[in-house]
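Here is the structure we will look at, set down as structure tokens.
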Amino acid sequence: MNFDENIDRRGTLSNKWDSMERIYGVPSDTGLPMWVADTDFQAPAPVLRKIREMADHGVFGYTDCDGVYKDSIRWWMNTRHGWDVEADAIFTATGLCNGVGLCLDTFTEAGDGVVLFTPVYHAFARVIRAAGREVVECELVNNDGRYEMDFAAYDAQMTGKETMLILCSPHNPGGRVWTQEELQGVADFAKRHNLLIISDEIHHDLVFGSAKHIPMPLAAPEIMDRLLMLTAPSKTFNIAGLHTGQVIIPDPDLRAKFKQRITALSLAPNSVGQLATAAAYSPEGAEWADAQVAYINENRKVFDAAIAGIPGLKSMPLEATYLAWVDFSGTGMERSEFTARVEQTAKIAANHGTTFGTGGENYLRFNLGTQRSRIEEACQRLAEAFSDLQ
């Protein structure tokens, strides 16, 4: 578990490393990619062993591994999150965006409104619009650098066309771990407006300090009849390229409808993703995950200290995720200017806040899931790029 080992991902068809020059104009040979939400760490040893074992065997025929796969998910959710999941409730999607798309396809109609608490993970809006549904932005309140929800304002926004909301828990990009009270507020809001809830909990293993993630089924068990849970090992174990995530549906009626739809589409998981998941969701994988969280937490401290040293910049305190959300509004600069300083002067590719919806206009998102030396290099470059403010 040497997270300091610099792994060169350039020239490996890595989206994060090999696409940043085309998308951001940041040169691949000298740039630092801090945009795509995967890490630069090798997957844990049990995952590597399992994939090597499969490669050495050399036969990739049809595989019946649902049992070991679902057992590992149930063990992980129970052991790590206190959540007892039925095996029949677990469905597999090719990642969380696919899971969102399948839920939209199954449970909503063209023209329906889908509520997002913005700023939020940019792919949600893209999938909603591509499905012919309407994005309904309910802006989070920034209370002294901490996102909070204003349900009275959201109630006033509802028109009756809304049929679903998507909750990001923990929140990306703000790094909030929602409290029991806040999750209950979401549940009550959904009941008032007869909304299905997609709870995207993909970052639930990446929580720092005393913060405690609460799965929505435990926070508000009375809404099981309107709840669709999304989970995945991809962020925790850096196996997003295997495109294996879970749609977990507690309610039998919703489950039956979803099963009928994916059967009609003839969707089935791939064995490499399933068995890699089973290998990751293990005691050895848990030990690795804990060590990674501790390492990323130190990265967070280094990065936040550097940002705090640059006048006009403010990093939102992270309770979870490896995605720092930095506010540049204090610089007084236009978005084009602070973005140019980051990309052209510091040669760092970071996600533009505008892609996360209303409320993200003055922000950039930086991925801290990399080696400490790269975090320190990024801090130095940012300090130099904004040195005239100091």
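The values are calculated or read from the model by the stated rules, or taken from the named source; none is laboratory data. Computed from a predicted model, the values in this text were never measured in an experiment. Neighbour counts run over all protein chains shown; Cβ positions are idealised from the backbone, glycine included. Accessible surface is based on the protein model in full, side chains and every heavy atom, while ligands, DNA and RNA are left aside. Shrake-Rupley method; radii C 1.70, N 1.55, O 1.52, S 1.80 Å.
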Can you give the accessible area of Lys161 in Å² (nearest 10), computed on protein heavy atoms with a 1.4 Å probe? 110
Expected vector for the stretch 238-249, Karplus 3J(HN,Hα) from phi with 6.51, -1.76, 1.60 and θ = phi - 60°, integer Hz, x for Gly and Pro, equals 6, 10, 4, x, 7, 6, 9, x, 10, 10, 10, 10
To the nearest 20 Debye, how big is the dipole of the stretch 106-256 about its Cα centre, given +1 on the beta carbon of each Lys and Arg and -1 on that of each Asp and Glu? 420
Packing-based order for 252-261, 16-25, using average beta carbon neighbours within 10 Å, highest first: 16-25, 252-261
Rounded to the nearest 500 deg cm²/dmol, what is the calculated helix-only ellipticity per residue at 222 nm for the chain, with -39500 (n - 2.57) per DSSP H run of length n ≥ 4? -12000 deg cm²/dmol
Residues meeting the amide H criterion for Tyr147 (H placed from the backbone, H to H distance under 5 Å, 5 or more places apart or on another chain) are none
Signed unit charges on C-beta, dipole axis of the chain, positive-most listed residue Thr92, Val342, Gly285: Thr92
What percent of all Cα-Cα pairs in the stretch 159-211 falls into each 5 Å bin, going from 0 up to the bin containing the maximum distance? 5, 18, 27, 22, 14, 9, 3, 1, 0
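Using the Cα centre of the stretch 253-390 as the reference point, and only Cβ charges (+1 on K/R, -1 on D/E), how large is the resulting charge dipole? Debye, rounded to the nearest 20. Walk me through the intermediate numbers first.
On the way: 14 positive and 16 negative charges, 119 e Å.
Computed charge dipole of the stretch 253-390: roughly 580 debye.
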Which value in nm describes the separation of the simple spin-label points at Ala264 and Thr159, placed 7 Å from the Cα toward the beta carbon? 2.7
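Using only alpha carbon positions, build the gyration tensor of the stretch 321-373, then give the equivalent ellipsoid semi-axes as the square roots of 5 times its eigenvalues, largest first, whole angstrom.
Working: eigenvalues 69, 42, 16 Å².
For the stretch 321-373, the semi-axes come out at 19, 15, 9 Å.
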Ratio of the Cα radius of gyration of the stretch 19-58 to 2.2 N^0.38 Å, where N counts its residues: 1.76
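If r is the Cβ-Cβ distance from Gln344 to Asn297 and R0 is 30 Å, what FRET efficiency results, to the nearest 0.05?
Once rounded, the FRET efficiency stands at 0.45.
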P(r) of the stretch 60-152 over all Cα-Cα pairs, binned every 5 Å from zero, in whole percent: 2, 11, 15, 14, 14, 16, 16, 8, 2, 1, 1
For Met229, Met224, Met158, give me the order by solvent-accessible area with a 1.4 Å probe, most accessible first, ignoring ligands, DNA and RNA. Met224, Met158, Met229
Could you run the Karplus curve 6.51 cos²θ - 1.76 cosθ + 1.60 with θ = phi - 60° over the stretch 289-304 and give me ³J(HN,Hα) per residue in whole Hz, x for Gly and Pro? 4, 5, 5, 5, 4, 4, 5, 5, 4, 5, 4, 4, 5, 4, 5, 4
Signed unit charges on C-beta, dipole axis of the stretch 1-78, positive-most listed residue Leu32, Ser19, His57: His57
From the gyration tensor of the Cα coordinates in the stretch 238-285, what semi-axes in whole Å does the equivalent ellipsoid have, largest first, with each one equal to sqrt(5λ)? 25, 14, 8
Amide H of Ala93 versus every other amide H placed in the peptide plane: which residues, excluding those fewer than 5 positions away on the same chain, fall under 5 Å? Gly245, Gln246, Val247
At 0.36 nm per residue, and after removing the present C-alpha to C-alpha distance, how many nm does the segment from Thr30 to Thr79 gain when stretched out fully? 13.4 nm
For Tyr281, distant residues with modelled amide H under 5 Å away: none
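Compactness ratio of the chain: Cα Rg over 2.2 N^0.38 Å, N = residue count?
On the way: Rg = 20.7 Å, N = 390, 2.2 N^0.38 = 21.2 Å.
Compactness ratio reported: 0.98.
Compute, for the chain, the length of the dipole vector about the Cα centre, with Cβ point charges of +1 (Lys, Arg) and -1 (Asp, Glu) only. Units Debye, rounded to 20. Please list the in-between numbers first.
On the way: 35 positive and 52 negative charges, 108 e Å.
The dipole of the chain has a size of about 520 debye.
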Could you go through the stretch 20-27 in sequence order and give the Karplus-derived ³J(HN,Hα) for each residue, using 6.51 cos²θ - 1.76 cosθ + 1.60 with θ = phi - 60°, rounded to whole Hz, and x for Gly and Pro? 6, 5, 5, 8, 10, x, 8, x
Largest-first principal axis extents, alpha carbons of the stretch 259-390, Å: 57, 36, 24
